[in-house]
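A.B. asks: A single structure is presented below for examination.
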Amino acid sequence: MHSYDEPVYLISVVATMLDIHPQTLRQYEREGLVEPSRTQGRMRLYSQRDIDRMKLILRLTRQMGVNLAGVDIALQLKEQIDQMQVEIDQLREELSKVNRNGSVHVSKALVTTPAYDIIIFEE
């Protein structure tokens, strides 16, 4: 069994799996939407992660009508959300450690900002 990130699939196999033309995969690469690995002979190899990413691209373009520029923005936002989720998970872990130990390292201390009052004026 191969790991999720191990590049093992040739372009022809991926094109068959996704029912698309190999040229579409090349276009996705030119657009920077996917970056397959290359062998010494410059053959493209795709990982399962790459295939899942292309499935998302196809869903956005075919089912939702998003153009490739929109797909690029959506993928960038998804990556940012994924990174933030990792950070949130790390912060939650730190918080649970604090709750268990009763103290937190100075570099991990939480900083709060002052609250602001909102005043609504009626006419």
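A.B. asks: Across region 9-101, what fraction of all alpha-carbon pairs, as a whole percent, falls in each successive 10 Å bin from zero upward?
C.D. replies: Percent of Cα pairs in each bin: 15, 38, 23, 14, 9, 2.
A.B. asks: Quick one: which residues, 5 or more positions from LEU45 or on another chain, have an amide H under 5 Å from its amide H? H modelled 1.01 Å from N in the peptide plane, none for Pro or chain starts.
C.D. replies: Placed amide hydrogens put SER37, ARG38, THR39 under 5 Å from LEU45.
A.B. asks: How long is the gain from ASP52 to LEU68 if the chain were fully straight, where each residue apart is worth 0.36 nm and the alpha carbon distance is subtracted? List each step's numbers first, then the result.
C.D. replies: Details: separation 16, 0.36 × 16 = 5.76 nm, distance 1.65 nm.
Here the segment from ASP52 to LEU68 would lengthen by 4.1 nm.
A.B. asks: Gain in length, THR61 to GLN83, computed as 0.36 nm per residue apart minus the alpha-carbon separation, to one decimal in nm?
C.D. replies: 5.5 nm
Quick note: the coordinates plus some simple rules give every number you see, no bench work behind them. Please read these numbers as outputs of a predicted model, since none were measured by experiment.
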